[in-house]
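The values are calculated or read from the model by the stated rules, or taken from the named source; none is laboratory data. Only a predicted model underlies this, so the values are computations on that prediction, with no experimental measurement involved. As a convention, Cβ positions derive from the backbone with ideal geometry for all residues, glycine included, and neighbour counts pool all protein chains shown.
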Amino acid sequence: MNCAIRQMKKADWPEVSRIYQLGMDTNRATFQSECPAWEEWNRSHLKNCRLVITNDEKVAGWAALTAVSGRCVYAGVAEVSIYIDPAMQGLGFGTKLLNALISKSEEEGFWTLQSGILQENIASIRLHERCGFRMVGYRERIGRDRFGTWRNTVLMERRSDSDRFTGECSCCGKQ
């Protein structure tokens, strides 16, 4: 295997959306049932923290961050999305990609990453644990899947251990 991690490009969207849809099709990855168009996805995800992992130059997975709030006091907190092509799962791509996203997020000033993971998605929960996330909560019947069934999620969080983050709001300086 010849894997590399790089910033996602718009040209990656056909493969990124294919992998995203494969995740949706499992009914264990997200409440969303249809992949959005590039424009919608692009608007909702942070520009500087979008990565792909490639295997022999073919996209094997992707990870991106979404802001959790528009309020400046939460500017250092983001939600993680990570999807690995089912044909590449179990080969360490997820761990490499999530660790790279963590590093990139810290470079960009994020001190807390969170993930809401469907309770049945044990592989994703274990991946997040391997990368330093801990379970901080459980949300019962938080949403319905595409079949109308109420589902539970596990809320996982990773705080940076870097001492360079002050916890101050970048726009007002309040802690």
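Per-structure values
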| read-out | value |
| --- | --- |
| All positions within segment 131-155 that are under 29 Å from residue 88 (Cα atoms), loosely packed, with under 12 Cβ neighbours inside 10 Å and basic (Lys, Arg) | 134, 144 |
| Qualifying residue in segment 63-73 (condition: modelled with pLDDT under 95, closer than 15 Å to residue 159 by Cβ and hydrophobic (A, V, I, L, M, F, W, C)) | yes |
| Residue ID - farthest from residue 141 (Cα to Cα), chosen from residues in segment 88-117 that are without any contact (Cβ under 8 Å) to a residue 24 or more places away in the chain and assigned to a helix (DSSP H, G or I) | 107 |
| Search result, residues across segment 104-125 that are loosely packed, with under 13 Cβ neighbours inside 10 Å and either under 14 Å from the mean Cα position of the chain (by Cα) or among the acidic types (Asp, Glu) (or both) | 107 |
| Only listed residue being among the aliphatic types (A, V, I, L, M), in contact (Cβ under 8 Å) with a residue 60 or more places away in the chain, more than 24 Å from residue 137 (Cβ to Cβ) and crowded, with 16+ Cβ neighbours inside 10 Å, chosen from 22, 51 | 22 |
| Subset tally (residues that are in a strand (DSSP E or B), aliphatic (A, V, I, L, M) and at pLDDT below 95) for segment 1-13 | 0 |
| Some residue of segment 129-140 being acidic (Asp, Glu), out of contact with any Leu (no Cβ under 6 Å at 6 or more places or on another chain), more than 20 Å from residue 19 (Cβ to Cβ) and in a helix (DSSP H, G or I) | yes |
| Single match in 59, 52, 16 (criterion: outside any strand (DSSP E or B) and either more than 17 Å from the chain's Cα centre (by Cα) or at pLDDT 95 or above (or both)) | 16 |
| In segment 19-49, the residues that are among the aliphatic types (A, V, I, L, M), over 19 Å from residue 100 (Cα atoms) and in a loop (DSSP other than H, G, I, E, B) | 29, 37 |
| Considering residues of segment 69-87 that are surrounded by fewer than 16 Cβ atoms within 10 Å (Cβ to Cβ) and in a loop (DSSP other than H, G, I, E, B) only, the residue nearest to the chain's Cα centre (by Cα) | 69 |
